[in-house]
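Report on the structure given below.
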Amino acid sequence: MFPDYSSDNENWLKIEHYNALSWNTILSLWKEFNLLIAHIILHVKADCLGHSWIVSNKPATLDYLIHDYIRHLKEHIAHFQDRYDEIVS
């Protein structure tokens, strides 16, 4: 869905020009995208959870991808909370 940002995250951020967007635009995009993902996850058929894809040259089941996305999302939320705490303190 998205390219692998892990090797050069800062460069990707510069290329995408997120700083040119308003905070409300970024939050709205993030919220709506994740609501769409949540909607898709809620409607996945249980018998499809074992289907697999190749991710970083390794097989990954849909069940793993869903759980890993949620784990990743929690990392973003923790980052947002940390930044918020820095700003308000």
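Of these, 60, 38, which one is surrounded by 10 or more Cβ atoms within 10 Å (Cβ to Cβ) and in contact with a Phe, Trp or Tyr (Cβ under 8 Å, 6 or more places away or on another chain)?
60
Kindly list the number of the only condition in (1) exposed (fewer than 11 other Cβ atoms within 10 Å of the Cβ); (2) in the same structural domain as residue 76 (by TED's automatic domain parsing); (3) of a type outside the set (Phe, Trp, Tyr) that fails for residue 51.
Of the numbered conditions (1) exposed (fewer than 11 other Cβ atoms within 10 Å of the Cβ); (2) in the same structural domain as residue 76 (by TED's automatic domain parsing); (3) of a type outside the set (Phe, Trp, Tyr), the odd one out for residue 51 is (1).
In the range 47-62, what count of residues is obtained for those that are free of Cβ contacts under 8 Å to residues at least 12 places away in the same chain and aliphatic (A, V, I, L, M)?
3
When you scan the range 3-62, how many residues do you find that are in a helix (DSSP H, G or I) and not aliphatic (A, V, I, L, M)?
20
Are there any pairs with C-beta distances below 8 angstrom linking a residue in the range 63-82 that is under 17 Å from residue 40 (Cβ atoms) and assigned to a helix (DSSP H, G or I) to a residue that is among the aromatic types (Phe, Trp, Tyr) and modelled with pLDDT under 95, with the two at least 6 apart or on different chains, and if so which?
65/53
The values are calculated or read from the model by the stated rules, or taken from the named source; none is laboratory data. Remember, predicted model here, so these are calculated numbers, not experimental data. When we count neighbours, we look across all protein chains shown, and the Cβ atoms used for this are built from the backbone with ideal geometry, even at glycine.
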